[in-house]
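For reference, the structure is listed below as structure tokens.
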Amino acid sequence: MLKTIAIILTGAILFTGCAFVDQRVDLTYERTVNAKGGTGEVYIAKPKDNTGLSKKPSGEIIIGTVKNTYGMKTADVITSNDIGDWIVKALIQELSFAGYTVMPVIELPDDVPNGIDLTLLRVFVDQDVGFWTVGAISDIQFTVEIWKNGVKVKIINVMAKGDERSVMGSAETKGISLKKALQSAMQQAIPEIIKTLEY
């Protein structure tokens, strides 16, 4: 009897906190920069994706890891959202609020008066196993090429982190972490975009 109880307890300890099911995340954004001073039209091209992210057979993109209490990967964080569209929509929100008329296009026209070309480099959320809480650490990296009158005038390298913690390492926690990372990225990019386009 005691041996059976010991085996059950050992199994419970070993597998507590393990999650063998993929966590599905919805990529969301809330405006945070509140910049002003933009005028006229800005074209934003469909981003080039250099993240190297792989996909599930279902087509969902793998954007992170799920870990057990020992820090071992047990599943993936996945999304059915288009990552490029997620970042472009954030730019549209912020630049529209700043005063621009934003025009998303497949690629920039040769003589574009004001244009933005993005290259995605990294979008990933990793589970950080803590003692009392479980964290989600997000990393977003991309470059912004700014064009004026058909000429590339500036390149901005954006590197942003997001951090959110909870009792359980849930998909919701990871989604909030990714949103925070994108907000941080916009706080870096938007003022530089406006400064470059307007001066």
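For region 154-199, which residues satisfy the criterion of being within 21 Å of residue 76 (Cβ to Cβ), of a type outside the set (A, V, I, L, M, F, W, C) and under 14 Å from the mean Cα position of the chain (by Cα)?
Correct list: 161, 162, 163, 164, 172, 173, 174, 175, 177, 179, 180.
Picking from 35, 98, 90, which residue would you name as being open to solvent by less than 40 Å² (accessible area, probe 1.4 Å), out of contact with any strand residue (DSSP E or B) (no Cβ under 7 Å at 6 or more places or on another chain) and under 18 Å from residue 178 (Cα atoms)?
Of the residues listed, the single one that is open to solvent by less than 40 Å² (accessible area, probe 1.4 Å), out of contact with any strand residue (DSSP E or B) (no Cβ under 7 Å at 6 or more places or on another chain) and under 18 Å from residue 178 (Cα atoms) is 90.
Condition check ((1) in contact with a helix residue (DSSP H, G or I) (Cβ under 6 Å, 6 or more places away or on another chain); (2) outside any strand (DSSP E or B); (3) open to solvent by 20 Å² or more (accessible area, probe 1.4 Å)) across all residues:
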position: 128; (1), (2), (3): no, no, yes
position: 136; (1), (2), (3): yes, no, no
position: 157; (1), (2), (3): no, no, yes
position: 172; (1), (2), (3): no, yes, yes
position: 178; (1), (2), (3): no, yes, no
position: 185; (1), (2), (3): no, yes, no
position: 188; (1), (2), (3): no, yes, yes
position: 191; (1), (2), (3): no, yes, yes
position: 195; (1), (2), (3): no, yes, yes
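The values are calculated or read from the model by the stated rules, or taken from the named source; none is laboratory data. For clarity, every value in this text was computed on a predicted model and none was experimentally measured. Methodologically, a virtual Cβ is constructed for each residue, glycine included, from the backbone with ideal geometry; neighbour enumeration extends over all protein chains shown. What goes into the accessible areas is simple: the full protein's heavy atoms, side chains included, and nothing from ligands, DNA or RNA. Shrake-Rupley method; radii C 1.70, N 1.55, O 1.52, S 1.80 Å.
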